[in-house]
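Written out below as structure tokens is the structure these notes cover.
Bear in mind that the values in this text are calculations on the coordinates, not laboratory data. The model shown is predicted, which means the values in this text are computed figures rather than measured ones. Quick reminder, even Gly has a Cβ in these numbers, built from the backbone with ideal geometry, and neighbours come from all protein chains shown.
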């Protein structure tokens, strides 16, 4: 997809048009209107103009780490309280925190870093946001204009570095371009398919005086569907009515679009079974009677069997990622697909021949809801309920396991204002299987990139956004926590009341599991036998921490930690090494499972 755009200035207003050339060579025009009060124009330094733009966009928090080339912006942040800066311990964590803030609030998250290593340290965090379509704006300092191209101290071409992992990026070359570029960056970050945008600003431009005029952004309304689109929507509705074994897959796009209520109304009208992807957890509440649960490589058996038997799959805000489908030729055999997504480039990318509806999700669902319903799919639901009864998980194991602990957490937090943030690994899959997420934007995890270390800084960003209105429960393994555990320092310093659960099985559990299944148990580089005392680690930052080994100990410490909603807490679970089940076989159907017996 290629893009370009520009401004048109009229009497009292500025119009920004952004043209996207889709994979189908069709132009999509995104149109925004800004009302500008030219009578309130003032002359300010570039850094002050950037701060003013942050205020315009409703930004109340930025995450970052200072350095010489970004210090002018930090200086502008000094002595004001409308935008707080959160000092992290590493720039990657600033990007993850901005990502977590964005997922939790639906607003654009902001991170800032200096040039050179500061900017390059953002890369993994930006790639994580890009793969999961999360709106983040990154502002990096750069060496002075006069020094560009001379291999100056900490000079790096961050635009070329981040081109593949941002929705767009800008090199600011004139101070007068700062304000329009900032406004465009925010619009691009959250419009259409969301994603990260980076602005690289040479240090001297922060000091130059420019004219700044306050602006007000007016909401954009979706365009009216054309005749061809209406025909496709009617055809899709007819396919839904004709299907005998239809099934809905909800992905992260439902949450990004804010259409959980509309999707729920849609499945209820047609009495459709629904499963969620890793990113779609919370798009339809876990307790909904039509929700079958997590589907995919480590999905619930009933959910995967339902996909395998479906004659029509309706994907809403999901991109048919490889860990969702398994073997594509087997996944697509003997069934039809309807694919609803904001991004036309996703249609037919992984599943060819689908009936694609690309555009505003709310509008599409309203069109599909116009079709009259038929029977209630009684035989189909009878088969699904039989699978659910057969493969229901037994939590009566008598010892402390991760599934049991997560089930206990789910029971203890049901109906209360909690959210969950996970790292990446076995615990992440167990969390998707055994937690219950009742609201959108209360499940934070790295899906597309699978970034170990994501969970703690993302939890920090979400908790900073929510304050005391919602508490984050963070779940990590003993591998990932070593990568970004330094953020316990920030959490303690800000007294963010995150409850952190560390699963200590003294191994890189998912690596070990793959080596068992795919490499004949040739275990290498997966044991973490040199013990680390995670309790003392957390306590060194001033966080109360405990270690538990039994169900009784975990239940008691969980109860105490949940009761202390004013402070961060850490519970270290000492567990045996085990394997995540179910697990679909590699190269097979999504409903063919590995036997670990």
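Observations, loosely collected:
- Of all DSSP bridge pairs formed entirely within the chain, close to 30 percent run antiparallel.
- Each Cα pair under 8 Å and six or more residues apart adds its separation to the average, and for the chain the resulting relative contact order is 13 percent.
- Anisotropy class of the stretch 272-420 from Cα gyration tensor, a/c 1.5 cut: prolate
- Normalised contact order of the stretch 453-597, rounded percent, pairs of Cα under 8 Å and 6 or more residues apart: 25 percent
- When 74, 519 are arranged by Cβ crowding within 10 Å, least crowded first, meaning fewest neighbours, the order is 519, 74.
- Only DSSP H runs of four or more residues enter the estimate; each adds -39500 (n - 2.57), and after division by the residues of the chain the mean residue ellipticity at 222 nm equals -10000 deg cm²/dmol.
- Cβ-based exposure ranking for 301, 171, in which fewest neighbours within 10 Å come first: 171, 301
- Among 365-378, 86-99, the peptide with the highest mean count of other Cβ atoms within 10 Å heads the list, and the full ranking is 86-99, 365-378.
- Summary of the geometry: the stretch 492-571 and the stretch 355-411, compared by the centres of their Cα atoms, lie 30 Å apart.
- In terms of its alpha-carbon gyration tensor, the stretch 375-501 comes out prolate; a/c meets the 1.5 threshold, and the first ratio a/b outweighs b/c.
- Each DSSP beta bridge with both residues in the stretch 402-574 is either parallel or antiparallel, and the antiparallel ones are about 5%.
- For the listed peptides 501-509, 203-211, a ranking on the average number of other beta carbons within 10 Å per residue, highest first, reads 501-509, 203-211.
- Once C-alpha pairs closer than 8 Å and six or more residues apart are averaged by separation and normalised to the residue number of the stretch 227-390, the relative contact order reads 28 percent.
- Projected label distance in nm at residue 578 and residue 333, using a 7 Å step from Cα toward the beta-carbon: 3.4 nm
- Among 156, 140, 124, sorting on how many other beta-carbon atoms sit within 10 Å of each Cβ, with the fewest leading, yields 156, 124, 140.
- Summarising the label geometry, the points placed 7 Å from Cα in the beta-carbon direction at residue 211 and residue 385 lie 7.1 nm from one another.
- Cα gyration tensor shape of the stretch 62-195, rounded if a/c is under 1.5, else prolate or oblate by comparing a/b with b/c: rounded
- Between residue 241 and residue 521, full extension at 0.36 nm per residue minus the direct alpha carbon distance yields a gain of 96.0 nm.
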